[in-house]
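The values are calculated or read from the model by the stated rules, or taken from the named source; none is laboratory data. On a predicted model such as this, the values are computed, not experimentally measured, just so you know. Neighbour counts run over all protein chains shown; Cβ positions are idealised from the backbone, glycine included. Each accessible area value is taken on the protein alone, full model and side chains, heavy atoms only, with ligands, DNA and RNA left out. Shrake-Rupley method; radii C 1.70, N 1.55, O 1.52, S 1.80 Å.
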Amino acid sequence: SLMYILTVAGKESQGAYSVTDDDGGQVLYLFEESDDATRFAYQLEDEGYPEMNVIEVEDEVMLKTCHVHNYNFTVITPNDIVIPPSEKHDFI
């Protein structure tokens, strides 16, 4: 099935949006719904982030990629409320 990640518009090859967890590691946000990803992208832009693109990904491919590269990830379901972190963002 499909999931959605965020990238900076025009810089899709440079990686997906992630947040820094309490241990300083990167956590990739995987959205189940494109609407939620789009809403979060708008929130990021309101915070002064560059223009964001929502990218459709195959969940199995994405999860395998995360596993292979030892990326942490979190799945954002329609029930989850996520707000942009106030600190600087990073990309993995």
request  = Being farther than 11 Å from Phe31 by Cβ and assigned to a helix (DSSP H, G or I) is the filter; apply it to region 45-61 and report the residue that is least open to solvent (accessible area, probe 1.4 Å).
outcome  = Glu45
key: Residues satisfying the stated conditions in region 22-34, i.e. more than 13 Å from the chain's Cα centre (by Cα) and open to solvent by 30 Å² or more (accessible area, probe 1.4 Å)   = Asp22, Asp23, Gly24
request  = Scan Tyr4, Tyr42 and give me the residue that is without any contact (Cβ under 8 Å) to a residue 60 or more places away in the chain, within 17 Å of Asp80 (Cβ to Cβ) and assigned to a strand (DSSP E or B).
outcome  = Tyr4
message = Against the definition (under 13 Å from Val82 (Cα atoms), under 10 Å from the mean Cα position of the chain (by Cα) and in contact (Cβ under 8 Å) with a residue 24 or more places away in the chain), how does Ala37 come out, yes or no?
response = yes
message = Against the condition in a strand (DSSP E or B), of a type in the set (Val, Ile, Thr), buried (at least 17 other Cβ atoms within 10 Å of the Cβ) and modelled with pLDDT of 95 or more, how does Val19 come out, does it pass?
response = no
